[in-house]
1. Considering only the stretch 220-252, how many residues are free of Cβ contacts under 8 Å to residues at least 24 places away in the same chain and within 30 Å of the chain's Cα centre (by Cα)?
2. Tell me, please, whether a residue that is aliphatic (A, V, I, L, M), in contact with a helix residue (DSSP H, G or I) (Cβ under 9 Å, 6 or more places away or on another chain) and surrounded by fewer than 22 Cβ atoms within 10 Å (Cβ to Cβ) can be found in the stretch 16-35.
3. Would you confirm whether or not the stretch 40-50 contains a residue that is in contact (Cβ under 8 Å) with a residue 60 or more places away in the chain and either in contact with a helix residue (DSSP H, G or I) (Cβ under 8 Å, 6 or more places away or on another chain) or outside the structural domain of L492 (by TED's automatic domain parsing) (or both)?
4. Take the residues of the stretch 355-404 that are more than 16 Å from S338 (Cβ to Cβ) and among the polar types (S, T, N, Q): which is surrounded by the most Cβ atoms within 10 Å (Cβ to Cβ)?
5. Quick one: would you say I156 is out of contact with any helix residue (DSSP H, G or I) (no Cβ under 8 Å at 6 or more places or on another chain), assigned by TED's automatic domain parsing to the domain that holds S101 and in contact (Cβ under 8 Å) with a residue 24 or more places away in the chain?
6. Taking A130 as meeting all but one of (1) within 29 Å of L198 (Cβ to Cβ); (2) crowded, with 16+ Cβ neighbours inside 10 Å; (3) at pLDDT 95 or above; (4) within 27 Å of the chain's Cα centre (by Cα), write down the number of the exception.
7. Out of the residues in the stretch 246-279 that are out of contact with any helix residue (DSSP H, G or I) (no Cβ under 7 Å at 6 or more places or on another chain) and among the charged types (D, E, K, R), state the one that is nearest to H303 (Cα to Cα).
8. Does the stretch 447-465 contain at least one residue that is touching a Lys or Arg at 6+ places or on another chain (Cβ under 7 Å) and among the acidic types (D, E)?
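The values are calculated or read from the model by the stated rules, or taken from the named source; none is laboratory data. Note that the structure is predicted; figures quoted are calculated from it, not measured. Glycine also receives a Cβ, built like all others from the backbone with ideal geometry; neighbour counts cover every protein chain displayed.
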Amino acid sequence: MSGQDLVPTHATFAPDQPVVLEWTGAAAPARLVVTRLGERVRDEQVPPGRLLDLGVLPVGGYAVRLLGEDEAPVTSAFDVLAAPVDRPRYGFLSEFGPGRSPEETAAASLGLRRLHLTAVQFYDWAYRHADLVGSAEEFTDICGRDLSHRTTRSLIAACREVGASAVGYAAVYGVAMDYAEEHPDQLLYHRDGTAYALADLLKIGNLAPDNPWHDHIIGQFRRAVDELGFDGLHLDTYGFPKIAWDHEGRPLDLAELFPPFLREVRRALPEATLFFNNVNDYPTWTSVAAPLDTTYVEVWDPHREYRHLVALIEAARLSAPGRPVVLAAYLVPFADGSTPGAEWAARLALATIWAHGGHHLLCGEGDGVLTHPYYPNFARVDAGTGRLLRDWFDFAVANGDLLHAPKARTITHSHLSGDENDDLAVTAAVPVSPDPVAGSLWVVARSSALGMTLHLIDLAGQEDLEWNRPKQPSLPVGSVTVRVRWAGERLLFGSPEHGPELVDLPAVRDGDYLVAELPAFTGWGLVHLPR
């Protein structure tokens, strides 16, 4: 179906909201098939038209396929969520200049819909860190960028129009130099009395409840939400200092200061969506006690391998059960363009994070990906990489009920064949491993109320396990057979390059076991056995 496109009108839909898909470029009728975890929800002929109204559907993820005569199918996905933050597919916007055109805003909005981004971080929209809104509609920020609140408001409106939450960036303790000079009593210090600083841009404010900075910055947060209209805030930290001294020389442990501070932010903004940046997992063990909407971790060395991404997600889920986990794992390989090595880095990072129930902050600004912690330095990808990312996000959205199943747990080491285990066997033309091992097919088995889900992540062509390096492109994985002790009779399979849906595979009953050979797949294959 060349030249056609199919995109939901919203990044996600509310339970009482009709699901509408925008179908462009159509000249003839087509067969519309909507499925949910392999179960057919709709199968009907539709006339060519711009909008397809599917009505109100239950909460969950759905795959969509349009089939025309003698043409390749057009695919998409959507989900219905009680609240966008239930599955925070976190994206970003970072261009708030006064010259941003309506066409550029529309392109960013379309990007939110194509990748189903339910929450969007606005970085860096503010006048100053200690004076977020300032007094002018247009201004130059601390990094020399010309910005406009009118542009920011128009982008907030664009997010809301497509069902995404607009989340304003705000550092909790960044203090511009002019404010710092006027208020030295509000800063944090080294023991020798020199103030902590972030390069030559900022000093660090004191979050202790009896320090004036505490109430000042919370007031700034309130003003940003009231005057700009943000749905929430992304409360940033820098990962340091961990131990500091106030202006009178008293020591402070910031891990203990964050939770009461965050509770006060929640008290001031009871309806806001709140993200808090646990830089490199600091201090997740205390911040999870605060009333936040997600557990968010910005990932840096020494969390350099796939196993480290897994450990961050699983520790966060254990510390705050039921709270979504978001990893900000910026992919430096895209700084060199849309290379095959960068694409494979994205494939393997996304598969690792999604297979373990996490979300990945990576994409935004239409065709942008993050390569750097200063988001305006993002990279743009070419059309081919954009299509690949879209296919992968479609697959994750359609199968989000499995990826983000409540109380899902990893059972690989207790089930995959070994000296004591005979419940699950996976064989392939390459070595198979229950752990991320270079040169192997990595098996991740997860159990939930929905059944058993197997993730097969292709590391067979890799020489190292560092997630933030270009990865070696691999050929499709074939000759994979799974053998599972299971009471049910169905076995479903899917992979992003095959489309967003799961399909039934012919499985042979062998006593206690179901046995099936899988189609070849690239990067990531998913097997699901429903209860």
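1. 1
2. Restricting attention to the stretch 16-35, the residues satisfying the condition of being aliphatic (A, V, I, L, M) are 19-21, 26-28, 30, 32-34.
After this cut, where a residue has to be in contact with a helix residue (DSSP H, G or I) (Cβ under 9 Å, 6 or more places away or on another chain) as well, the list is none.
No, the stretch 16-35 contains no residue that is aliphatic (A, V, I, L, M), in contact with a helix residue (DSSP H, G or I) (Cβ under 9 Å, 6 or more places away or on another chain) and surrounded by fewer than 22 Cβ atoms within 10 Å (Cβ to Cβ).
3. Taking the stretch 40-50 and keeping what is in contact (Cβ under 8 Å) with a residue 60 or more places away in the chain, we get none.
Scanning the stretch 40-50 turns up no residue that is in contact (Cβ under 8 Å) with a residue 60 or more places away in the chain and either in contact with a helix residue (DSSP H, G or I) (Cβ under 8 Å, 6 or more places away or on another chain) or outside the structural domain of L492 (by TED's automatic domain parsing) (or both).
4. By that ranking, first place goes to N399.
5. Details: out of contact with any helix residue (DSSP H, G or I) (no Cβ under 8 Å at 6 or more places or on another chain): no; assigned by TED's automatic domain parsing to the domain that holds S101: yes; in contact (Cβ under 8 Å) with a residue 24 or more places away in the chain: yes.
Taking the combined requirement at face value, the residue does not satisfy it.
6. (4)
7. That would be D253.
8. no
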